[in-house]
């Protein structure tokens with residue numbers, strides 16, 4: 001995240017937290033995919049025969065590994081996507097991981113969205129007490145032109161700047177709160193990533209081994225996100 005990207009995400013999140021609640025960081029995540037046995041990358045169930053083949057390959061890949069967790073397996077054999085059967089998603093900032101479909105992360109992410117809203121764009125917000133996830137309205141979540149670098153963090157299309165009259169408001173994306181969970185629910189937080197680009201993601205893991213992997217874009221930002229989560233967890237015991 002650049003300074004401007006982090007600032008704009010934080011300003012957007014400000015209206016959704018309590019006045020006395022500091023924002024530690026806020027970041028946009030575009031699109032999502034699952035890396036969970038039993039489903040494809042969109043979260044659709046995999047037929048039993050294909051699932052058996054997939055699990056056999058996964059077991060071979062991690063044979064002899066020590067302390068392998070869902071977070072470290074989120075990138076498969078080192079690629080940026082898992083290559084699972086079913087619908088395949090080329091690019092996604094957020095990865096939902098877990099040892100099976102019946103896990104905390106999947107249960108959370110499959111909760112009903114607010115009416116008219118979708119999780120194509122999610123705004124993740126860390127405060128000293130909780131993680132809050134907001135989502136965008138379906139009519140605002142599909143850009144009408146190819147996105148330009150950084151525009152998604154500003155919540156406006158680049159071509160919209162300068163078109164308004166002085167003092168006229170530029171309509172921003174509509175967002176609504178969707179999920180939140182206390183930091184004591186996080187068992188560990190660390191930087192992770194594929195072999196070619198390690199430590200560019202922040203992994204949040206629950207006690208059941210499931211969790212979320214957020215794309216931080218740079219190792220420095222991923223480390224900052226993980227360090228601040230762990231720091232706030234430490235403060236709260």
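Read-outs throughout are calculated quantities, based only on the coordinates presented, and are distinct from any laboratory measurement. Given the structure is predicted, the values throughout are model-derived calculations rather than measurements. When we count neighbours, we look across all protein chains shown, and the Cβ atoms used for this are built from the backbone with ideal geometry, even at glycine.
Values as computed for the structure displayed
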item: Sorted largest first, extent of segment 170-223 alpha carbons per principal axis (Å); result: 41, 28, 15
item: Distance in nm between pseudo-label sites at residue 196 and residue 18 (7 Å out along the Cβ direction from Cα); result: 4.5
